Amino acid sequence: MADAPPDSAELPAWRAFVFKHRGTLLALPALALTTFGKPSAPAVAVGLPVAFLGEALRCWAVGYSGDTTRGDTVTAPALVTAGPYAYVRNPLYVGNFLTALGFSIAYTGGLDARARAALIALGLGTMTAVYATIVPLEEAYLRRTFGAEFEAYVEAVPRTWPRFSPAGPQRGEYDAGVIARAETRTFATFGAMLATLALKAARG
């Protein structure tokens, strides 16, 4: 018989610490990119569309999940299973990963192979480690809060690799207005990354 999934109370406290400080932790590889990166035109042409795709996916997800995603502790007033959540359980994180991948490509095109690999590994590795730490914490909360409803959702929808078709039933309403309120910090960071990329590219 398989062991039951852990409750959040049974998980180590450092997971909650990582969740609370996830923004700071993920800013470190972005800072490394803006400091040591050296873009090239081909790399920017490939990377920027990927970064914008990730940001678009994130905005789509926030329109359904609302601004609770910005909290320092795990919370969810309802289990959202509509929109991108019908395809993958963590569309915000998939979107963030795509954005990080896109900027990693764009910023490192002018570096030698070793430096490029190191910066990309730092960024994507840090993101993978952070999300591998906090997703179990979030899922334990959702399992405790929504019980059988969440278990059925887990059975139907993958954690990180999207389905080809949406799973039902779908619960949740899209509210475009929440994006401007919830994503101010994300838009500022994205804009700063774009501006720095343009400056570096102009300087050659």
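The values are calculated or read from the model by the stated rules, or taken from the named source; none is laboratory data. Keep in mind the model is a prediction, meaning the values are calculated, not measured. Neighbour counts run over all protein chains shown; Cβ positions are idealised from the backbone, glycine included.
Might you check whether a residue that is buried (at least 18 other Cβ atoms within 10 Å of the Cβ), at pLDDT 95 or above, under 30 Å from THR35 (Cβ atoms) and over 14 Å from the mean Cα position of the chain (by Cα) occurs anywhere in the stretch 186-193?
Initially, the stretch 186-193 is screened for residues buried (at least 18 other Cβ atoms within 10 Å of the Cβ), giving 186, 190, 193.
So of that shortlist, the ones also at pLDDT 95 or above come out as 190, 193.
Filter once more, so that each one left must be under 30 Å from THR35 (Cβ atoms): 190, 193.
Right, trim to over 14 Å from the mean Cα position of the chain (by Cα) and you get 193.
Checked against the condition, which is being buried (at least 18 other Cβ atoms within 10 Å of the Cβ), at pLDDT 95 or above, under 30 Å from THR35 (Cβ atoms) and over 14 Å from the mean Cα position of the chain (by Cα), the stretch 186-193 yields at least one hit.
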Here are some conditions: (1) modelled with pLDDT of 95 or more; (2) in a loop (DSSP other than H, G, I, E, B); (3) among the β-branched types (Val, Ile, Thr). VAL74 meets all but one. Which one does it not meet?
(1)
Answer with yes or no whether ALA121 is assigned to a helix (DSSP H, G or I) and either crowded, with 19+ Cβ neighbours inside 10 Å or aliphatic (A, V, I, L, M) (or both).
yes
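Of the residues ALA152, ALA167, which is under 17 Å from VAL80 (Cα atoms), of a type in the set (Gly, Ala, Ser) and either touching a Phe, Trp or Tyr at 6+ places or on another chain (Cβ under 7 Å) or assigned to a loop (DSSP other than H, G, I, E, B) (or both)?
Values: ALA152 fails: either touching a Phe, Trp or Tyr at 6+ places or on another chain (Cβ under 7 Å) or assigned to a loop (DSSP other than H, G, I, E, B) (or both).
Being under 17 Å from VAL80 (Cα atoms), of a type in the set (Gly, Ala, Ser) and either touching a Phe, Trp or Tyr at 6+ places or on another chain (Cβ under 7 Å) or assigned to a loop (DSSP other than H, G, I, E, B) (or both) holds for just one of ALA152, ALA167, which is ALA167.
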Tell me yes or no: at least one residue of the stretch 144-154 is without any contact (Cβ under 8 Å) to a residue 12 or more places away in the chain and not hydrophobic (A, V, I, L, M, F, W, C).
yes
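Quickly run through the stretch 124-136 and pick out the residues that are of a type outside the set (Val, Ile, Thr) and either surrounded by 19 or more Cβ atoms within 10 Å (Cβ to Cβ) or in contact with a His (Cβ under 9 Å, 6 or more places away or on another chain) (or both). It would help to see each step written out before you state the result.
In the first step, residues of the stretch 124-136 are kept if they are of a type outside the set (Val, Ile, Thr); the result is 124-125, 127, 129, 131-132, 136.
Listed by number, the residues that qualify are MET127, TYR131.
Of all residues being part of a helix (DSSP H, G or I) and of a type in the set (Lys, Arg) in the stretch 30-71, which is modelled with the lowest pLDDT? Just the residue, please. Explain how you work it out, then say what you get.
Initial filter on the stretch 30-71 (part of a helix (DSSP H, G or I)): 30-36, 41-70.
In the following step, the residues that additionally are of a type in the set (Lys, Arg) were identified as 58, 70.
Details: ARG58: 96, ARG70: 64.
Filtering first and then ranking leaves ARG70.
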Unmet criterion (only one of (1) assigned to a helix (DSSP H, G or I); (2) at pLDDT 90 or above; (3) crowded, with 17+ Cβ neighbours inside 10 Å; (4) of a type outside the set (A, V, I, L, M, F, W, C)) for ARG15:
(2)
Flagged pairs (Cβ under 8 angstrom, 6 or more apart or on separate chains; first in the stretch 105-118, closer than 20 Å to ALA198 by Cα; second charged (D, E, K, R)) are TYR107/LYS38; TYR107/LYS200; THR108/LYS38; THR108/ARG116; GLY109/LYS38; GLY109/ARG116; GLY110/LYS38; LEU111/LYS38
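Tell me, which residue of the stretch 39-51 that is surrounded by 15 or more Cβ atoms within 10 Å (Cβ to Cβ) and in contact with a helix residue (DSSP H, G or I) (Cβ under 7 Å, 6 or more places away or on another chain) is farthest from VAL88 (Cα to Cα)?
Within the stretch 39-51, the first condition is being surrounded by 15 or more Cβ atoms within 10 Å (Cβ to Cβ), and the residues that meet it are 39-40, 43-44, 47-48, 50-51.
Those left that are additionally in contact with a helix residue (DSSP H, G or I) (Cβ under 7 Å, 6 or more places away or on another chain): 39, 43-44, 47-48, 50-51.
Details: PRO39: 32, ALA43: 28, VAL44: 28, GLY47: 23, LEU48: 23, VAL50: 18, ALA51: 19 Å.
Looking at residues that are surrounded by 15 or more Cβ atoms within 10 Å (Cβ to Cβ) and in contact with a helix residue (DSSP H, G or I) (Cβ under 7 Å, 6 or more places away or on another chain), I get PRO39.
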